[in-house]
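S.K.: Dumping the structure here so I can ask a few things about it.
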Number of protein chains: 2
Amino acid sequence: VTLEHDLAAIVGGQHVLVDPDLRASYEVDWSGRFKGTARCVVRPADTQQVVSVLRACAADGVPVTVQGGNTGLVGGGVPAGGEVLLSLVRLDQLEPVDAVAAQVSVGAGVRLEALQRHAKAAGFDFGVDLAARSAATVGGLVATNAGGIRVVRYGSMRAQLVGLEAVLADGTVLSRLAPPAKDNTGYDWPQLLCGSEGTLAVITKVRVRLVEPSTERAVALVGVADTAAALALLAQARRRFTTLGAAEIFYADGLSLVRSVNALPAPFDDSFAAYVILEAFGNKPTDEILDLLSECDAVGDATVASDPVGRTRLWAYRESHTEAINTAGVPVKLDVCVPMGSLVALVDQLPSTVTDAAPSSRLIVFGHLNEGNLHVNVLGAGERAEAVTDAVLKLVASHGGSISSEHGVGRAKTQWLTLSRSAEEIETMRRLKNALDPQNLLNPNVLLPPP
Amino acid sequence: VTLEHDLAAIVGGQHVLVDPDLRASYEVDWSGRFKGTARCVVRPADTQQVVSVLRACAADGVPVTVQGGNTGLVGGGVPAGGEVLLSLVRLDQLEPVDAVAAQVSVGAGVRLEALQRHAKAAGFDFGVDLAARSAATVGGLVATNAGGIRVVRYGSMRAQLVGLEAVLADGTVLSRLAPPAKDNTGYDWPQLLCGSEGTLAVITKVRVRLVEPSTERAVALVGVADTAAALALLAQARRRFTTLGAAEIFYADGLSLVRSVNALPAPFDDSFAAYVILEAFGNKPTDEILDLLSECDAVGDATVASDPVGRTRLWAYRESHTEAINTAGVPVKLDVCVPMGSLVALVDQLPSTVTDAAPSSRLIVFGHLNEGNLHVNVLGAGERAEAVTDAVLKLVASHGGSISSEHGVGRAKTQWLTLSRSAEEIETMRRLKNALDPQNLLNPNVLLPPP
């Protein structure tokens with residue numbers, strides 16, 4: 001009896017994909033950077049099936065790659081070779097919104113967009129949003145502690161997390177889905193699993209807090225002279241708005257690429273080196289944002305939208321970046337964060353750092369201004385991809401920054417983890433991994449570098 | 001060479017207390033419920049001394065009890081017998097406030113009141129406050145994920161935590177004191193240590209977020225007919241105030257005890273079954289609170305204060321509870337939380353539950369209304385203390401509540417942990433404990449029940 005036979009008995013034969021054609025879309029990330037061959041793809045329908053699948057794999061000592069919406073950018077959900085690929089997209093149950101607690105429990109495979117719609121239908125909203133909303137799953141968002149464009153207002157996924165259900169590699173089910181409002185009865189293992197990238201357990205169900213919906217909002221796209229001017233605008237915006245909804249930055253090169261790929265018009269008559277998107281919520285946000293723009297010297301030109309169509313049109317300049325970059329080639333994608341005082345220096349140093357490492361490459365930078373979090377994309381690095389990564393991450397570390405602000409470590413950055421974490425921290429992570437997954441079956445080669 | 005000799009060489013002879021008289025105040029909690037004999041008390045001055053002390057204890061296989069301000073209520077910082085008592089009160093460094101980040105790093109031994117003063121001197125405030133502020137240490141607050149009277153506004157200690165420095169039982173120093181604003185590079189061990197009650201590591205330094213100071217605030221003491229009326233008042237207050245600062249409840253028996261111990265005047269001409277303290281922040285809070293009181297049918301009588309002296313006078317009715325109860329005897333102290341929909345039933349069922357378990361005892365209940373978190377105090381239970389604990393905690397569990405909302409498990413509640421946590425969760429906690437402290441040296445017998 002083969003493992004595949006056991007797995008088919010658990011989830012049904014049609015949900016064990018062994019044919020290479022059927023497996024293909026699961027075996028490569030959407031940017032095309034990470035590929036691997038899975039032994040098979042298994043698609044369980046509920047927690048009990050996840051338990052049985054994990055027990056069968058553990059019995060045979062077969063490693064498991066855990067995958068949600070496959071929108072990750074560091075290869076964390078892509079097999080290295082020979083793993084059972086555990087796809088959680090069928091765990092897509094939406095439970096009724098608990099309106100009194102402003103919380104909801106959903107299956108790990110629920111798409112972010114479906115959660116957002118579900119929350120809105122009950123008069124709430126969800127605090128995390130990001131461009132991959134149509135495909136990213138809630139379980140993946142928790143496993144990677146996803147950030148996105150609302151961190152300035154609501155925090156990362158960690159801050160939304162109320163409770164979890166998860167399954168350890170040996171099939172043990174942990175459930176702390178609806179803890180009391182205050183509960184100090186031992187270790188907060190849901191917080192430990194958040195950001196652990198599938199290396200400690202398989203998340204099967206998530207309970208999150210919901211937020212009040214924002215009826216009025218206004219978006220401004222602002223052209224500015226440089227990163228320093230963008231920071232001056234941000235500082236003024238933060239003083240004015242207690243409810244700043246988003247603060248994003250991108251640059252002339254990115255705008256140019258986005259416009260050529262998507263045939264978008266120029267936002268302004270003049271060109272600027274940098275562009276900021278600000279979103280304001282709350283009471284008369286359009287008036288507030290217009291007042292801000294009129295009193296801030298850093299503003300070169302600006303356009304404001306308060307209606308949904310206009311807002312979407314302005315956001316498109318920022319949100320189209322990832323897809324436009326992908327259309328242009330297979331990029332090296334880095335996701336870094338430095339202290340605000342180092343942001344100008346980092347942006348100044350990036351072009352020469354990248355060009356020195358990969359002479360004919362093309363650099364596109366954008367990101368979340370409020371946290372000093374930049375997505376550094378390098379096209380055309382070719383065989384110099386590792387050299388570019390090494391140079392940029394060392395530059396970031398020299399500023400005391402993080403080598404991964406929101407994407408996680410995955411397979412892509414394990415060899416640079418020592419730039420952000422001490423040897424003692426990494427060894428402690430290993431001890432925790434070994435405690436929960438002593439056979440090293442869950443997402444091996446992800447997050448932790450080989451000993 | 002004895003261990004005491006080694007320890008004296010590390011911290012200086014005057015900071016190793018072996019004389020029973022000198023040890024005495026460390027060996028009993030302030031309520032008098034928990035006592036034990038330490039082998040000696042060691043008072044290191046810095047992280048390196050903590051490392052050396054832990055290494056010396058590990059070499060001899062001697063267990064360590066970790067103690068901060070010794071204000072805990074579950075015996076977590078009191079020795080069971082024969083441990084080295086590691087007192088962290090000399091780790092009292094206050095680093096300068098980082099005004100840009102609105103954060104500060106302080107030694108684990110810094111008292112809450114000192115942190116609050118330090119924050120205020122820099123134009124900020126700290127988000128956690130509780131009655132034991134003059135003695136409780138920041139390290140202890142993190143180790144127990146302390147709550148207090150500001151949870152409704154700022155969250156528990158977990159929500160204030162930015163970074164940590166801690167030492168494992170084997171002397172390994174973990175430092176993640178000032179992580180970048182966003183950093184997804186592996187397991188968030190600071191969140192794992194928060195609420196672990198000294199069983200996983202010794203916290204030596206803490207970085208916390210600071211909050212904007214509240215210039216205007218108003219306090220109302222409100223007499224109401226019962227718990228249901230208190231909840232109606234709370235619901236109306238939450239709709240009105242986006243910045244509700246506190247919502248506390250106590251009852252006629254508690255008021256009577258507090259008044260007799262502290263010779264306080266009656267707050268109102270009439271008596272009420274229950275009393276609510278509401279605190280409002282922000283814009284014209286006195287007007288807002290007066291409007292609320294005038295429109296809410298649940299209000300029996302009310303008095304409002306906006307000046308510091310008046311506010312302190314009203315808060316005294318609530319904050320004097322713990323000391324007044326202690327003056328009256330050695331209480332059984334329970335700290336529970338139920339879903340809001342069960343709070344009225346719990347309050348109704350508590351008197352008979354307690355009387356059935358300990359016929360001649362006296363029940364005093366008060367707590368944090370917003371989270372359904374009640375401090376259940378039973379005086380005069382005598383030999384029936386365990387029976388009372390068992391009956392109350394089982395009642396709470398029957399409502400789906402927590403057996404410890406903010407005090408933690410300590411030594412007091414390990415035998416009831418199964419009421420709040422599944423066998424699988426407890427076994428998982430054991431695996432984590434064993435990974436970081438395989439010799440079981442740190443706070444043995446605290447939090448986790450014997451296997």
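The values are calculated or read from the model by the stated rules, or taken from the named source; none is laboratory data. Computed from a predicted structure; not experimentally measured. In this analysis, Cβ positions are derived from the backbone assuming ideal geometry, glycine residues included, and neighbour counts consider all displayed protein chains. Quick note on the areas: whole protein, heavy atoms, side chains included, nothing else; ligands and nucleic acids left out. Shrake-Rupley method; radii C 1.70, N 1.55, O 1.52, S 1.80 Å.
S.K.: Going by the conditions given, is residue A:259 open to solvent by 70 Å² or more (accessible area, probe 1.4 Å), at pLDDT 95 or above and not acidic (Asp, Glu)?
M.R.: Here the answer is yes, as residue A:259 does meet what is asked.
S.K.: Let me ask something else about it. Which members of region B:49-77 meet the condition of being touching a residue at least 40 places away in the same chain (Cβ under 8 Å), of a type outside the set (A, V, I, L, M, F, W, C) and part of a helix (DSSP H, G or I)?
M.R.: Within region B:49-77, B:52, B:55, B:60 meet the criteria.
S.K.: Among residues belonging to region A:162-182 that are of a type outside the set (A, V, I, L, M, F, W, C), open to solvent by less than 20 Å² (accessible area, probe 1.4 Å) and part of a loop (DSSP other than H, G, I, E, B), point out the one that is nearest to the other protein chains (Cβ to nearest Cβ).
M.R.: Filtering first and then ranking leaves A:182.
S.K.: Working only within region A:20-51, note down all residues that are among the acidic types (Asp, Glu) and open to solvent by 40 Å² or more (accessible area, probe 1.4 Å).
M.R.: Result: A:21, A:46.
S.K.: For region B:3-19, give me each residue that is open to solvent by less than 80 Å² (accessible area, probe 1.4 Å) and either touching a residue at least 24 places away in the same chain (Cβ under 8 Å) or not hydrophobic (A, V, I, L, M, F, W, C) (or both).
M.R.: Result: B:3, B:4, B:6, B:7, B:10, B:11, B:12, B:13, B:15, B:16, B:17, B:19.
S.K.: Just to verify a result, which residue in region B:110-136, among those that are under 16 Å from residue B:159 (Cβ atoms), touching a residue at least 24 places away in the same chain (Cβ under 8 Å) and among the aliphatic types (A, V, I, L, M), is nearest to the other protein chains (Cβ to nearest Cβ)?
M.R.: B:128
S.K.: List the number of the failed condition for residue A:147; all other conditions in (1) open to solvent by less than 10 Å² (accessible area, probe 1.4 Å); (2) outside any loop (DSSP other than H, G, I, E, B) hold.
M.R.: Residue A:147 satisfies every listed condition except (2).
S.K.: Right, here's the next one. Just one of (1) open to solvent by 20 Å² or more (accessible area, probe 1.4 Å); (2) in contact with a Leu (Cβ under 7 Å, 6 or more places away or on another chain); (3) in a helix (DSSP H, G or I); (4) within 14 Å of chain A (Cβ to nearest Cβ) trips up residue B:407, so point out which.
M.R.: Status for residue B:407: all satisfied but (3).
S.K.: Scan region B:346-356 and tell me whether some residue there is modelled with pLDDT under 95 and surrounded by fewer than 24 Cβ atoms within 10 Å (Cβ to Cβ).
M.R.: No, every residue in region B:346-356 fails to be modelled with pLDDT under 95 and surrounded by fewer than 24 Cβ atoms within 10 Å (Cβ to Cβ).
S.K.: Which one of these is over 23 Å from residue A:327 (Cα atoms) and more than 24 Å from the chain's Cα centre (by Cα): A:286, A:243?
M.R.: Sole residue among the options that is over 23 Å from residue A:327 (Cα atoms) and more than 24 Å from the chain's Cα centre (by Cα): A:286.
S.K.: Across region B:92-113, what is the number of residues that are within 19 Å of residue B:212 (Cβ to Cβ) and either in a loop (DSSP other than H, G, I, E, B) or in contact with a Ser or Thr (Cβ under 7 Å, 6 or more places away or on another chain) (or both)?
M.R.: Going through region B:92-113 one residue at a time, the tally reaches 6.
S.K.: If you scan region B:325-343, which residues turn out to be surrounded by fewer than 21 Cβ atoms within 10 Å (Cβ to Cβ), farther than 21 Å from residue B:419 by Cα and among the hydrophobic types (A, V, I, L, M, F, W, C)?
M.R.: Hits for region B:325-343 are B:328, B:330.
S.K.: Looking only at residues that are open to solvent by 20 Å² or more (accessible area, probe 1.4 Å) and under 19 Å from residue B:228 (Cβ atoms) in region B:364-399, which one is modelled with the lowest pLDDT?
M.R.: B:370
S.K.: Let me ask something else. If you check A:329, A:310, A:300, which single one turns out to be on the phi > 0 side of the Ramachandran plot and of a type outside the set (D, E, K, R)?
M.R.: Answer to the check: A:329.
S.K.: All but one of (1) open to solvent by 40 Å² or more (accessible area, probe 1.4 Å); (2) closer than 30 Å to residue B:417 by Cα; (3) aliphatic (A, V, I, L, M); (4) without any contact (Cβ under 8 Å) to a residue 40 or more places away in the chain hold for residue B:80; state the number of the condition that does not hold.
M.R.: Residue B:80 satisfies all of (1) open to solvent by 40 Å² or more (accessible area, probe 1.4 Å); (2) closer than 30 Å to residue B:417 by Cα; (3) aliphatic (A, V, I, L, M); (4) without any contact (Cβ under 8 Å) to a residue 40 or more places away in the chain except (4).
S.K.: Take the residues of region A:410-451 that are closer than 19 Å to residue A:194 by Cα and of a type in the set (S, T, N, Q): which is nearest to the other protein chains (Cβ to nearest Cβ)?
M.R.: Result: A:420.
S.K.: Here is a further query. Residues to consider are B:119, B:132, B:159; find the one that is open to solvent by 20 Å² or more (accessible area, probe 1.4 Å) and either farther than 22 Å from residue A:180 by Cβ or charged (D, E, K, R) (or both).
M.R.: Step by step, each of B:119, B:132, B:159 is checked, and only B:132 is open to solvent by 20 Å² or more (accessible area, probe 1.4 Å) and either farther than 22 Å from residue A:180 by Cβ or charged (D, E, K, R) (or both).
S.K.: Can I ask one more? Could you grab me the full set of residues in region A:236-256 that are within 24 Å of residue B:243 (Cβ to Cβ) and either among the charged types (D, E, K, R) or open to solvent by 20 Å² or more (accessible area, probe 1.4 Å) (or both)?
M.R.: Selection gives A:236, A:238, A:239, A:240, A:242, A:243.
S.K.: A further question on this structure: Answer with yes or no whether residue A:43 is under 24 Å from the mean Cα position of the chain (by Cα) and either farther than 30 Å from residue A:378 by Cβ or among the polar types (S, T, N, Q) (or both).
M.R.: Judged against the criteria, residue A:43 is a match.
S.K.: Right, here's the next one. Name the one entry in A:154, A:187 that is aromatic (Phe, Trp, Tyr) and touching a helix residue (DSSP H, G or I) at 6+ places or on another chain (Cβ under 6 Å).
M.R.: Of the residues listed, the single one that is aromatic (Phe, Trp, Tyr) and touching a helix residue (DSSP H, G or I) at 6+ places or on another chain (Cβ under 6 Å) is A:187.
S.K.: Here's a follow-up. Which residue pairs have Cβ atoms under 7 Å apart, sit 6 or more places apart or on different chains, and have a first residue in region B:276-305 that is small (Gly, Ala, Ser) and a second that is open to solvent by 50 Å² or more (accessible area, probe 1.4 Å) and not in a loop (DSSP other than H, G, I, E, B)?
M.R.: Between residues of region B:276-305 that are small (Gly, Ala, Ser) and residues that are open to solvent by 50 Å² or more (accessible area, probe 1.4 Å) and not in a loop (DSSP other than H, G, I, E, B), the close pairs are B:280/B:288; B:305/B:313.
S.K.: Which condition from (1) within 27 Å of residue A:448 (Cα to Cα); (2) more than 8 Å from chain B (Cβ to nearest Cβ); (3) touching a helix residue (DSSP H, G or I) at 6+ places or on another chain (Cβ under 9 Å); (4) of a type outside the set (Val, Ile, Thr) is the one that residue A:139 breaks?
M.R.: (3)
S.K.: Moving on to the next point. Mind listing whichever residues of region A:183-206 are in a loop (DSSP other than H, G, I, E, B) and more than 8 Å from chain B (Cβ to nearest Cβ)?
M.R.: A:197, A:198, A:199, A:201
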